[in-house]
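These notes concern the structure reproduced below.
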Amino acid sequence: MKRIFAIALLCLFAATLFLISCKNDKSGSITNPQETMLAGNITFQVDNTIQPIVEDVLAIFGSVYTKAHITQVNRNESDIINALLRDSASVAILTRELTEGEEAHFLNKKIKPRVTPFAKDALALITSKAATDSVVNLEEVYKVMQGKTSTTVKQLVFDNTSSSALSYLMQQAGVKQLPISGVYSLKSTQEVIKFVHDNAGSIGVIGVNWLVQPPQELGKYVENIKVLGVDNVKVNKGVKKYYKPSQSNIATGLYPLIRTLYVLNYEGRDGLGTGFANYISSEDGQRIILKSGLLPLAIPPREIEIVK
């Protein structure tokens, strides 16, 4: 009887240790001692506006490192920041770094942030192919953001009220509060593309990667929308010129609405967040970025074999 009791007590102790060492948080990420840079389970919080490129890199990363199981959760920027600050997420892929105030949360906990920039992307201004204009002045866009009347821009449409695209343009336009009219938000980038397709005169603001690599169900809509050329007052001092968010215009800085993409890692140790950040910033990861239409921060070398 004593032996049975001792065995039961030992099993209970082992189970307790297991539960302590393997904790599931609300975001679905799993922390356990077996997680390494190339194996284990974790959830990444990903900005909606850059969803396609992260899906591509994660798919290839997972096919190479088969013991790495990363779940991608696509959310708006505000929700991701809140998840990080509530400690329900530890790795995020965003279009900006955290502010000093936001990062203080982790520094107070003695967690050293690991921030890895890996690409440049752009915000594309799109409209229906039925629209007559093929270019837009950025000042007219800013006027709408500021609640002023524009002669050429009727309305701007964003994916949601907490979107990184919206916060970026608010910052560029120098506004902290949205106007009563002229600026509207839907629920997703997919809805913005469809809305602009069906409503000539409206201008949608989306991440350019959605145009280069649209989901199959959006293909017919993307084919029938127009990407507007945008002027860049910072580089054009004479005759006004307009630029589209092409890879070359992002590289040269001619397109004005450019953002840097980051892997923000607050795991506090070498886990899958570190492994993925190393991969996406490596030559292999940067080649995927290059093929996606975005701009890798390190241009992969191209070898040309000359046959005599």
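For the reader, a short list of remarks on this structure follows.
- Put simply, of Val141, Val205 the only residue that is assigned to a helix (DSSP H, G or I) and in the same structural domain as Ile250 (by TED's automatic domain parsing) is Val141.
- Criterion: modelled with pLDDT of 95 or more, touching a helix residue (DSSP H, G or I) at 6+ places or on another chain (Cβ under 6 Å) and of a type in the set (A, V, I, L, M, F, W, C) - qualifying residue of Ile81, Ile93: Ile93
- The range 151-164 - residue that is in contact (Cβ under 8 Å) with a residue 24 or more places away in the chain and in a loop (DSSP other than H, G, I, E, B) and, of those, nearest to Lys220 (Cα to Cα): Asp159
- Check on Ser292, outside the structural domain of Ala131 (by TED's automatic domain parsing), hydroxyl-bearing (Ser, Thr, Tyr) and within 19 Å of the chain's Cα centre (by Cα): yes
- Some residue of the range 118-136 being assigned by TED's automatic domain parsing to the domain that holds Asn232, surrounded by fewer than 17 Cβ atoms within 10 Å (Cβ to Cβ), of a type in the set (Ser, Thr, Tyr) and over 18 Å from the mean Cα position of the chain (by Cα): yes
- Residue match in the range 83-94 (condition: charged (D, E, K, R) and in contact with a strand residue (DSSP E or B) (Cβ under 9 Å, 6 or more places away or on another chain)): no
- Selected residue [of a type in the set (S, T, N, Q), part of a loop (DSSP other than H, G, I, E, B) and either surrounded by fewer than 18 Cβ atoms within 10 Å (Cβ to Cβ) or free of Cβ contacts under 8 Å to residues at least 60 places away in the same chain (or both)] from Gln172, Gln177: Gln177
- With respect to the conditions (1) more than 22 Å from Lys234 (Cβ to Cβ); (2) in contact (Cβ under 8 Å) with a residue 12 or more places away in the chain; (3) of a type in the set (A, V, I, L, M, F, W, C), Val141 falls short on a single one, namely (1).
- Scanning the range 228-242 for residues that are among the acidic types (Asp, Glu) and over 19 Å from Leu123 (Cα atoms) turns up nothing.
- With respect to the conditions (1) touching a Leu at 6+ places or on another chain (Cβ under 8 Å); (2) among the polar types (S, T, N, Q); (3) at pLDDT 95 or above, Asn209 falls short on a single one, namely (3).
- Pair list, Cβ < 7 Å and 6+ apart or interchain, from the range 233-259 residues that are loosely packed, with under 13 Cβ neighbours inside 10 Å to residues that are assigned to a loop (DSSP other than H, G, I, E, B): Lys234/Pro256
- Considering the range 31-129, the qualifying strands (runs of 3 or more DSSP E), each wholly inside and each with 3 or more residues that are out of contact with any Leu (no Cβ under 9 Å at 6 or more places or on another chain), run over 68-75.
- Flag: Gly285 does not match the condition of being touching a residue at least 40 places away in the same chain (Cβ under 8 Å) and at positive phi.
- Verdict on Lys2 being at pLDDT 95 or above, surrounded by fewer than 17 Cβ atoms within 10 Å (Cβ to Cβ) and more than 22 Å from the chain's Cα centre (by Cα): no
The values are calculated or read from the model by the stated rules, or taken from the named source; none is laboratory data. Small disclaimer: the values here were computed from a predicted structure and weren't measured. For neighbour counting, all protein chains shown are included, and Cβ atoms are generated from backbone atoms with ideal geometry for every residue, glycine included.
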